[in-house]
Amino acid sequence: MKAYKKEVQFTIWMTAAFILVGNVGLIFSVFPVDAMLFGFPVMYIVPILMGWFGVFLLTLIAGRIGNRIDDEIERENDTLGHADEAKEV
Amino acid sequence: MEQSWQLDNPILGLIVVGATFVLFYIVGFISNRQSKSAKELYVGGSNVGAITNGLAMASTYMSLATFLGITALILQLQVPFIMLWIQLILAIPLITIIYGTSLRRMGAFSPTHFIRDRYGTTASIIAALFMILVSIMYALGQMIGIAITFETLLGIPYITGLFIFGILIVGYITIGGMAGATNNAAIQMVIIALMFIVPLAAIMKAIGASGWYFPPLLYSDMVPAMMDALPSFFDYQFSPKWYFSIIPALTIGALGLPHLAMRVYTASSLKSARSAMVWFAFILGLVFSATYAMGFVGVFATTTQGVTISDGDADKLTIILNMVYNPEWVTALVIAGAISAGLSTLSGNLLAIGALISQDIISTLKPDISQRLNLRIGFIAIFAGGIASILLAINPPAFLVVSILWAFGLAGVTNAPLIIVGVWWKEANKFGAIAASVVAGAIYIIVSPFVFPSIVLTGHGVTDGMGLSGAMLAVPVSFILLIVVSYITNRIPALSGKLTKQADIELIERIHGWKDIKAYRYNSTIGAGITVAVSAAVAIWALMPWGM
C-alpha cells in the first residue's frame, strides 16, 4: 500500500509542479508584476528562467524519486509475496 | 523596396548541406546494420544511452520551426508567443513521469500499441488513424520548411527542392531506422545548438550587446532601447484565459504525440529514461532560451537598427539576421542547422507513421504475418508516409507553424486522455475510449477554422488556428466521455461479455511494476469524479465569450 500511495501522490504533485513551473506566464497574467530583474521585466525573464532551470531542477528530483519508488515497488513485490493476494482480490 | 534574401554563393550552401547529408547517411547506414527486427527498427532495440537519448529527444522535438517559424511568430505576436512556447519543454518530463516508464515497462512500440492492449482493436485503429493524421501534418510542416529553405536561400525552385531533398531525406530515414535516427538525432542536436547559438553570439556582438558571449540570457543591455522603440514588446496582450488554454492544447497535446513518446521507449532502462529526461530539459532549455533571444534580437534589429523584413519574409528572420550581420559561410552553416532540425523531426514523424501502420494497424488486423514481412511493411510505410507528405506539400497550407501546433491539440484530444486515464484508472474501457476519441476528435475538427471557418470559438485567427480554443473545449470533453461512458458501461450487465476487465486489471498492475493484483490500486472513483468535475468547468469556460 505504501509504495502505491507514494507512486500516485508523486505523479499528481510532480505533474502539478511541472505544469506550474512551465506556465509561470499564466500566473503573471493573473497577478501582473511591474518590476525589473537582471535588467529585464520580471514578467519576461522569470517565466524563461523557470522554464529552463526550474524544469531542469524538477527533472532531477523527479528522476531521483521515480527510481526510488521503482525500488520500493520491487521490495514490496518481494516481501509481500503472494500470500495476501488471494485475500484482497 | 522589397529585398530578396538569397545566398550570393548557393554552391557554398549546397556543399555544407551536402556534407551534413553524407554524414547522416553514413551514421544511418552503420547504425542500421543491426536493425533486424521491428523492435530494433522502431525503438532502437530499447538500448539507447541516456545522453544520446536526451539529445535525440530534444532534437526530435526541435523542428525546423525553431529556425523558421518561432522567431517569425515572436516578431508578430511578441511576448505572448514566448510564454506559449516555454511550456513545450514539459513534454518529455511529463510523458516520462505520467506514462512513459509504464509503457516502457510494457515494451510498447508506440502509444497506440498500449491503446490496443488496453482498449482493443477498434479503439486502437481509430487512435492510430488520428495519429497518422497528426504525424503527416507534422511531417508536412517540415517538408514545406525544408523546400522553402532551399527555394529562397539557394535559389532552387520549390517543387524541385521538395522532390529532390524530400526523397533524399525519406531515403535516409527508411535506411536508418530508429537506431540510425537516434544516433543522427543526437548529432543533429549538437549541430542545431551550435549553428543557432554561435551565429547568434556574432549577431549580438555586431549589434553591440555586451553579453554576446552567452546569448540565451545576456541581452538585457538591449532592453532599454527596445522599451523606447517598441514599448509594447513586453505586454502580455491577452487575458489569463488565453494563457490557461495553452495547458490543454499544448501541454496535454504534447503528451499525445507519438514520435515523442517513442523516444522514451528507446531507453536502455527506466533509470536511463529518467536521466535522458534531465539531459532533454537542460539542452532544450538552452536552445529555447536562445530562440527567444533570437526573436528579441530580430525585433530589436527591425525597430532600432533599420533592418526591414517584409511580412512574407518573417519566417526567415533567423537566416536574414545572419545574412545582415555575419559572413556568408556562417549563413550556410545556419541553413545546414535548419535542415538538420527539420530532418530529425521528420525522421521521428515518419518512424511513428511506420510503427502506426505496420504495428498498430496491419499487425492488429493480421496478427499471423511473419516478422520479416512485418518489417518490410514497416519500411514501406515509412517510405510511403514520406512520399505522402511530399505530395501534400506541393500545395502547402498558408502557415506551417500554426498547423503543427494545431496537430498538438488533435493528439491531445484523441490520444492523450486514452493513455493517461488508461494507465491510471482500471475502469476505463473500450466504449469510453472510442466515444472520447471519435466525439471529441470530431468537435476539435469542427471548431477549427480549417473545416468550417464560421464555426470557431474566438474569431481570433491565430488562437483558433493553433487549436488553443478548440483544445480547451475538446480535451476536457474527451476526458469526460472516457470516464463517464466507461463508468456507465461497466455497470451494464449485457455489455460485460464484451469487456476484458480481468486482462485490463492485470495489464495495469504489470506496467506499474507490480507482480500481484490488488483491488484498491488504480481504482479511485473519487479521482475520476474530480477529473470529470474539473474538465466540465474548463469546457464550460471554453464556451464562454473569449473577448478577443
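The values are calculated or read from the model by the stated rules, or taken from the named source; none is laboratory data. Since the model is a prediction, treat every value here as computed from it, not as a measurement. Note that we place each Cβ from the backbone using ideal geometry, even for glycine, and neighbour counts take in every protein chain shown. Only protein heavy atoms, including side chains, enter the accessible area calculation; ligands, DNA and RNA are left aside. Shrake-Rupley method; radii C 1.70, N 1.55, O 1.52, S 1.80 Å.
A few points about this structure:
- Using every pair of distinct Cα positions in region B:402-445, the Kirkwood expression returns a hydrodynamic radius of 10.8 angstrom.
- Against chain B, whose longest principal axis is taken from its Cα atoms, helix B:328-355 shows a tilt of about 10°.
- Accessible area buried, both sides summed, chains A and B with 1.4 Å probe, Å²: 4600 Å²
- Residues B:Asp360, A:Asp71, sorted by accessible area with the largest first, give A:Asp71, B:Asp360 [1.4 Å probe; ligands and nucleic acids excluded].
- Highest average first, the peptides B:16-27, B:432-443, B:383-394, B:340-351 ordered by how many other beta carbon atoms sit within 10 Å of their residues are B:340-351, B:432-443, B:383-394, B:16-27.
- Within a straight-line Cα-Cα reach of under 19 Å, B:Lys316 can be paired with the following aspartates and glutamates, leaving aside sequence neighbours fewer than 8 residues apart in one chain: B:Glu2, B:Asp8, B:Glu151, B:Glu328.
- For the listed peptides A:56-64, B:50-58, a ranking on the average number of other beta carbons within 10 Å per residue, highest first, reads B:50-58, A:56-64.
- Bridging of B:Lys366 to lysines at a Cα separation below 30 Å is possible for B:Lys36, B:Lys39, B:Lys426, B:Lys430, B:Lys498, B:Lys501, once same-chain residues fewer than 8 apart are set aside.
- Extension gain from B:Ile526 to B:Ala503, taking 0.36 nm per residue of separation minus the Cα-Cα distance: 6.0 nm
- Estimated FRET transfer efficiency (A:Lys2, A:Ala35; beta-carbon r; R0 51 Å; 0.05): 0.70
- Those residues of region B:67-84 for which accessible area with every protein chain present is at least 30 Å² below the isolated value (1.4 Å probe): B:Met83
- Remark: spin-label model distance B:Asn395-B:Lys366 equals 3.3 nm, labels positioned 7 Å along the Cα→Cβ axis.
- Averaged over peptide A:40-53, the number of partner chain Cβ atoms lying within 10 Å of each residue's Cβ comes to 6.
- Average beta carbon contacts from partner chains per residue of A:57-68, 10 Å cutoff: 6
- Only Lys, Arg, Asp and Glu carry charge here, each on its Cβ (+1 for the first two, -1 for the last two); on that basis chain B has a dipole of about 2220 debye about its Cα centre.
- Normalised by the number of residues in chain B, the average gap of Cα pairs under 8 Å and 6 or more apart makes the relative contact order 27 percent.
- Cα-centre dipole for the protein assembly as shown with unit charges at Cβ (Lys and Arg positive, Asp and Glu negative), debye to 20: 1720 debye
- Which of A:Trp13, B:Trp279, B:Trp425 is most accessible, then next, and so on - probe 1.4 Å: A:Trp13, B:Trp279, B:Trp425
- Sequence-distant contacts, meaning Cα pairs under 8 Å at least 6 residues apart, place the relative contact order of region B:160-288 at 15 percent.
- Cα Rg, Dmax, chain B, angstrom units: 23.1, 75
- Once the Cβ-Cβ distance of A:Trp13 and B:Ile488 is raised to the sixth power relative to R0 = 51 Å, the FRET efficiency obtained is 0.95.
- When the P(r) of the protein assembly as shown is calculated, the portion above 38 Å amounts to 29% of the C-alpha pairs.
- Straight-distance candidates among the aspartates and glutamates for linking to A:Lys5, with alpha-carbon spacing under 15 Å and chain neighbours fewer than 8 residues away dropped: A:Asp70, A:Asp71, A:Glu72, A:Glu74, A:Glu76, B:Glu509.
- Each residue was assigned an accessible area with a 1.4 Å probe, and for A:Met36 the value is about 110 Å².
- Surrounding net charge for B:Ile74, when Lys and Arg each add one and Asp and Glu each subtract one, Cβ distance under 15 Å: -3
- The long axis of helix B:10-32 is offset from the longest Cα principal axis of chain B by roughly 30 degrees.
- A Cβ-based charge dipole, computed about the Cα centre of region B:219-338 with Lys and Arg at +1 and Asp and Glu at -1, lands at about 760 debye.
- Number of partner chain Cβ atoms within 10 Å, mean per residue of B:510-520: 6
- Accessible surface of chain B, 1.4 Å probe: 68 percent of it comes from carbon and sulfur atoms.
- The helix-only estimate of mean residue ellipticity at 222 nm for chain B, built from DSSP H runs of length n ≥ 4 each weighted as -39500 (n - 2.57), is -22000 deg cm²/dmol after division by the residue total.
- Relative contact order of chain A, defined on C-alpha pairs under 8 angstrom at six or more residues apart (%): 35 percent
- Extension gain from B:Lys271 to B:Phe214, taking 0.36 nm per residue of separation minus the Cα-Cα distance: 17.3 nm
- B:Ser496-B:Val438 FRET efficiency (beta carbon distance; Förster radius 25 Å; 0.05 resolution): 0.65
- Rolling a 1.4 Å probe over the protein heavy atoms leaves B:Met137 with an accessible area of roughly 40 Å².
- Positive-end residue, chain B charge dipole about Cα centroid, Cβ charges, pick of B:Ala440, B:Gln188, B:Gly69: B:Ala440
- Contour minus Cα-Cα distance for B:Asp235 and B:Trp541 (0.36 nm per residue): 107.8 nm
- Here the simple spin-label model places points 7 Å from the Cα toward Cβ, and for A:Leu20 and A:Arg75 these points are separated by 2.8 nm.
- According to the Kirkwood relation over distinct C-alpha pairs, the hydrodynamic radius of region B:107-227 is 18.5 Å.
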